[in-house]
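**Student:** Before I ask anything, here is the structure I am working with.
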Amino acid sequence: MSAAIRQPALRDVPRLHALIRHHAAFEKSDASLTTDELESLLLARPGPIRFLVAAEEGNGDLLGYAALTFDWSVWRARRYAHLDCLFVAEAHRGGGIGSRLLAAARAAASVEGADRLEWQTPAWNEEARRFYLREGAASEAKLRFRVTLP
């Protein structure tokens, strides 16, 4: 199967939204993002999130996606990219789509002036851990914390 890696168009919103919801469910969570909010994110200039999608050539079906945000490292005095999401639908895994999305995310981060790309994955996701190590990533053991703000 041949897939093109590209930025999503507005026509992709329903399919991208479905992928995002599947991703959240896979990680035993839920996505509160609405299709209207996703459309607003795609229209924002400059956008707070940079999306990439893997679209099947021919029918345009979305097979996976990646989402990048950008931040600043105080310790290194450099801008970096955060790979907020990288997800390939289960039926399309193992065919190189994840590698291509990750390569596109790396390239997009570089174009934006980031000096590195960082991300996390659930500790239980052994398949993702093996994938990222095969792709040349190094891992760090850290705990992730959060608080809900009013």
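The values are calculated or read from the model by the stated rules, or taken from the named source; none is laboratory data. The structure presented is a predicted model; accordingly, all values stated were derived computationally and were not measured. We place every Cβ from the backbone using ideal geometry, glycine too, and count neighbours over all the protein chains shown.
**Student:** Wholly within the stretch 28-134, which helices (runs of 4 or more DSSP H) include no fewer than the required count, namely at least 2 residues that are of a type in the set (Gly, Ala, Ser) and either under 13 Å from residue 8 (Cβ atoms) or modelled with pLDDT of 95 or more (or both)?
**Tutor:** Where helices (runs of 4 or more DSSP H) fall fully within the stretch 28-134 and carry at least 2 residues being of a type in the set (Gly, Ala, Ser) and either under 13 Å from residue 8 (Cβ atoms) or modelled with pLDDT of 95 or more (or both), they are 97-111.
**Student:** Next up: How about the stretch 64-89: which of its residues are more than 19 Å from residue 138 (Cβ to Cβ) and without any contact (Cβ under 8 Å) to a residue 12 or more places away in the chain?
**Tutor:** 72, 74, 77
**Student:** Yes or no: residue 33 free of Cβ contacts under 8 Å to residues at least 24 places away in the same chain and either more than 15 Å from residue 119 (Cβ to Cβ) or within 15 Å of the chain's Cα centre (by Cα) (or both)?
**Tutor:** Yes: the conditions hold for residue 33.
Every residue, every condition in (1) exposed (fewer than 13 other Cβ atoms within 10 Å of the Cβ); (2) over 13 Å from the mean Cα position of the chain (by Cα); (3) on the phi > 0 side of the Ramachandran plot; (4) among the aliphatic types (A, V, I, L, M), yes or no:
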| site | (1), (2), (3), (4) |
| --- | --- |
| 51 | no, no, no, no |
| 67 | no, no, no, yes |
| 89 | no, no, no, yes |
| 109 | no, no, no, yes |
| 138 | yes, yes, no, yes |
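**Student:** Does the stretch 113-124 hold any residues that are in contact with a Leu (Cβ under 8 Å, 6 or more places away or on another chain) and of a type outside the set (Phe, Trp, Tyr), and which are they?
**Tutor:** Those that are in contact with a Leu (Cβ under 8 Å, 6 or more places away or on another chain) and of a type outside the set (Phe, Trp, Tyr): 117, 118.
**Student:** Criterion first (surrounded by 15 or more Cβ atoms within 10 Å (Cβ to Cβ), part of a helix (DSSP H, G or I) and either at pLDDT 95 or above or over 14 Å from the mean Cα position of the chain (by Cα) (or both)) does residue 15 satisfy it?
**Tutor:** When the stated conditions are applied, residue 15 passes them.
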